Amino acid sequence: MQLISFFKAINSKTQTLYHSVLLALLFFPFSVFPQNDFPYGIRKVVIDAGHGGKDPGSVGKYIQEKDITLAIALKVGSYIEKNHKDVEVVYTRKDDTFIGLNERSQIANEAEANLFISIHCNSNPSSSPYGTETYVMGLHKSNDNLEVAMRENAVVTYEEDYTSKYEGFDPNSSESFIIFSLMQNAFLDQSLAIASNIQSEFKDRAQRKDRGIKQAGFLVLWKTSMPSVLVEVGFLSNPKEEAFISSEQGKEYLASAIYRAFRSYKETIDAKGVLLAQDKFDSTLKNAQAAQQTETTTSWQPKPNTTSTEQLEFMVQIIVSSKQLAKDSEHFKGFTPIEEIKVNSIYKYAVGRETSYEKIQEYCTIVKTKYPDAFVIALRNGKQIPLNEALKLQSN
């Protein structure tokens, strides 16, 4: 009922427009109404516990990688399930089972996940290295990155007919890694964003040494069709770090850090999703308004008592958000001054203010160079009214 009241308030006289907009809403729902099927943002995440079954992964003095990764993965998933009811968590494994690298990415793709997080433990011939690092798919930039990728990719030798399954990939040949150089580029920015969150949380929340964000050719990330990261939570080859990782407190800290990074990433992506949904909705609304303006409306009459003291103005709307944005927000791309118009729980942001419709149209052309979906709105005494109503008022 709140939604219907909102659209009736826009223009109770314009039934054709009202029904067109209501129909459009079925495809582009407003974010102010809580719903689990909101089509944008993070709604499904795959948590991948590295190794498992006959593949122990790295082996420390007291623990095996496959056991630590499973414990942390289950904790991360439980935090998400508890605090984000709108997110479905998919696990590649929930017990000590061997899962092929190809199958892990297949699980993520078939689930149509929005994010893939693979959890691992590091190792080194020397007992000195320690700390956490997070990898995204890409061409390795150093021998160290290559060694980590080769060690993790060596898991494929546990799989039958792996040379056919992975298109001739040889885990012992550095030349094989060239095939990865262009993979995952479509999701690189998002992958780097979640990786940055993870490393920051490891440093601040878990008090771990930050070894940075790196790129390398990991088979487990190769064919995932979503933002993906591989997290190395520490070195089992370092006795002190092995003790921390194997402790309950250590696993809690590491899992909590990954969860908090996910939460921050989700908030950012969901906020962008809201703007995308609103942009698409407003574009549909604009088209409906344009169609309505071309119709002959013989029943329309100006409101009574309209006087010359009423101020009629036009602006260019650029963004709609379910959350209030700061006037210096990066979303505004340098346009000033920014004016905020609140309608129910929706914040609309517009630029330019003209009494001439012709002048605002010229300005709108400029704004569209940065906001292709920008369009003209009308205000009467500071309150938004339908554009067609404003144009008729102006012509009288």
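The values are calculated or read from the model by the stated rules, or taken from the named source; none is laboratory data. What you see is a predicted model; the values in this text were computed from it and never measured. Glycine gets a Cβ as well: all are built from the backbone with ideal geometry, and neighbour counts include every protein chain shown.
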Item to check | Evaluation of residue 181 against (1) modelled with pLDDT under 80; (2) touching a helix residue (DSSP H, G or I) at 6+ places or on another chain (Cβ under 9 Å) (one fails), failing number | outcome: (2)
Next on the checklist: Six or more apart or on different chains, Cβ atoms under 6 Å: show the pairs whose first residue is in the stretch 361-389 and polar (S, T, N, Q) and whose second is crowded, with 18+ Cβ neighbours inside 10 Å.
Outcome noted: 384/377; 388/292
Item to check | Lone qualifier among 216, 257 - being at pLDDT below 80, under 25 Å from the mean Cα position of the chain (by Cα) and closer than 24 Å to residue 72 by Cα | outcome: 216
Item to check | One residue from 369, 365 being outside any helix (DSSP H, G or I) and among the hydroxyl-bearing types (Ser, Thr, Tyr) | outcome: 369
Checklist entry - If the Cβ limit is 7 Å and pairs must be 6+ apart or interchain, which residue in the stretch 226-244 that is on the phi > 0 side of the Ramachandran plot pairs with which residue that is β-branched (Val, Ile, Thr)? => result 234/132; 234/245
Next on the checklist: Take the conditions at pLDDT below 95, more than 19 Å from residue 242 (Cβ to Cβ) and either surrounded by 23 or more Cβ atoms within 10 Å (Cβ to Cβ) or of a type outside the set (S, T, N, Q) (or both) and apply them to residue 57. Does it pass?
Outcome noted: no
Item to check | Residues (within 33 Å of the chain's Cα centre (by Cα) and modelled with pLDDT of 95 or more) located in the stretch 230-241 | outcome: 231, 232, 233, 234, 235, 236, 241
Next on the checklist: If I ask for residues that are assigned to a strand (DSSP E or B) and either surrounded by 17 or more Cβ atoms within 10 Å (Cβ to Cβ) or acidic (Asp, Glu) (or both), which ones from the stretch 381-393 would you list?
Outcome noted: 384, 385
